[in-house]
């Protein structure tokens, strides 16, 4: 890759901040797709910007809120695979994304940052030690009243900056590049209406990670569990031998799960059972759990344990006391990445050529890339330079955002010479 500056950092920052001003929060309760109409506001803007910069085959799915575009090849290498880059437009519903007021902290000095100006919301290295590594860097933060939206508008800004650089510098050799922006990733529906054929890439990367250098190609296997517990309510003064307390059976179920297979005690590739919600009376109780594990065998055993506990309780209290519904949500993408490890190797090569040390990190969650990988589009995840996602203490590091664009450009360059087998 040429050392010539291909884009201006201030343009990247301006682009990102302009996207954060658009409220795109998704909502899992609407049962629509997209889940919120306001996501279209960003989709329309991206469509217009892509057309203005000269991207080809710009497609805006007006029904489902997806945006697709093509950057034509500049190399005659007909063995180069078509690669793509994907980010999501929605933001988490954990904290408001309306009226985001992003501001830049120039040359961060390592001290507390009073986001709100009144001491109510303070971004402190005492609470977030990673800040100690960002001294003298330029940070983008909020005013504490909202999240920032770097998840994943940083990724969008980086892909758009990459696209503009390639379209303006046609002497840079690269194969055909596809880009796409999706809705509803935060509620697990980012790929629900994603059209892989329309997208047109053979391989892709989501740009939806965190710290510079992060490269994620493993994620949890995931399942959702619903328990409906049917009790028998009898006046407590005359309940002996008659009452079956559904709420107590719910507690009994929880007590039979391994104590330390819990998110509070697990990290890295350790899986867990997580109680999302429990509500009930003596007559009826409902519990929702999620099960997670990177290892498929351990994931399967976790589901089998849940079933065996339900069988035990039904044996104890009577058939039909506990009704179980268990459904798989997504699987570990590594199974689909292994046959195409060049995606990982070339991303690492790109990073190291820029003096960035890759950080292999399993995702303790899910990703659009996992869903897409199982739909036939192998898709690891790349960094964005954002931190503290889903909260008011979210921030992005400008230097890391710039370096992420450099990584994307270098990956394009590598695949321009790559011969797919």
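The values are calculated or read from the model by the stated rules, or taken from the named source; none is laboratory data. Remember, it's a predicted structure, so these values are computed and weren't measured experimentally. Cβ: placed from backbone, ideal geometry, glycine included. Neighbour counts: every protein chain shown.
Find all pairs meeting these conditions: Cβ atoms under 9 angstrom apart; at least six residues apart or on different chains; first residue within the stretch 258-269 and on the phi > 0 side of the Ramachandran plot; second residue part of a loop (DSSP other than H, G, I, E, B).
Filtered contacts from the stretch 258-269: 268/294; 268/361; 268/362; 268/364.
Please state which one of 317, 374 is assigned by TED's automatic domain parsing to the domain that holds residue 261 and either surrounded by 15 or more Cβ atoms within 10 Å (Cβ to Cβ) or under 16 Å from the mean Cα position of the chain (by Cα) (or both).
Going through 317, 374 in turn, just one is assigned by TED's automatic domain parsing to the domain that holds residue 261 and either surrounded by 15 or more Cβ atoms within 10 Å (Cβ to Cβ) or under 16 Å from the mean Cα position of the chain (by Cα) (or both): 317.
Condition check: part of a loop (DSSP other than H, G, I, E, B), modelled with pLDDT of 95 or more and under 30 Å from residue 409 (Cβ atoms). Does residue 257 satisfy that?
Considered against the rule, which asks whether it is part of a loop (DSSP other than H, G, I, E, B), modelled with pLDDT of 95 or more and under 30 Å from residue 409 (Cβ atoms), residue 257 comes out as no.
Go through the stretch 125-138 and report how many residues are more than 26 Å from residue 21 (Cβ to Cβ) and either assigned to a loop (DSSP other than H, G, I, E, B) or over 27 Å from the mean Cα position of the chain (by Cα) (or both).
Looking only at that region, the number is 5.
In this structure, does residue 308 turn out to be more than 24 Å from the chain's Cα centre (by Cα), modelled with pLDDT of 95 or more, under 30 Å from residue 362 (Cα atoms) and assigned to a helix (DSSP H, G or I)?
yes
For the list (1) under 30 Å from residue 151 (Cα atoms); (2) out of contact with any helix residue (DSSP H, G or I) (no Cβ under 6 Å at 6 or more places or on another chain); (3) outside the structural domain of residue 355 (by TED's automatic domain parsing), I need the number of the one condition that residue 210 fails.
For residue 210, the exception is condition (3).
Restricting the search to the stretch 139-195, which residues are part of a loop (DSSP other than H, G, I, E, B), under 16 Å from the mean Cα position of the chain (by Cα) and surrounded by fewer than 24 Cβ atoms within 10 Å (Cβ to Cβ)?
188, 189, 192, 194
Restricting to the stretch 346-360, what's the tally of residues that are loosely packed, with under 14 Cβ neighbours inside 10 Å and assigned to a strand (DSSP E or B)?
1
On the given criteria, is residue 419 closer than 12 Å to residue 211 by Cβ, assigned to a loop (DSSP other than H, G, I, E, B) and out of contact with any strand residue (DSSP E or B) (no Cβ under 7 Å at 6 or more places or on another chain)?
For residue 419, the condition - closer than 12 Å to residue 211 by Cβ, assigned to a loop (DSSP other than H, G, I, E, B) and out of contact with any strand residue (DSSP E or B) (no Cβ under 7 Å at 6 or more places or on another chain) - is not met.
Given the residues 294, 340, which is the only one that is assigned by TED's automatic domain parsing to the domain that holds residue 368, touching a strand residue (DSSP E or B) at 6+ places or on another chain (Cβ under 8 Å) and buried (at least 17 other Cβ atoms within 10 Å of the Cβ)?
The unique qualifying residue is 340.
Can you tell which of 351, 371, 333 is within 19 Å of residue 221 (Cβ to Cβ) and in contact with a helix residue (DSSP H, G or I) (Cβ under 7 Å, 6 or more places away or on another chain)?
333
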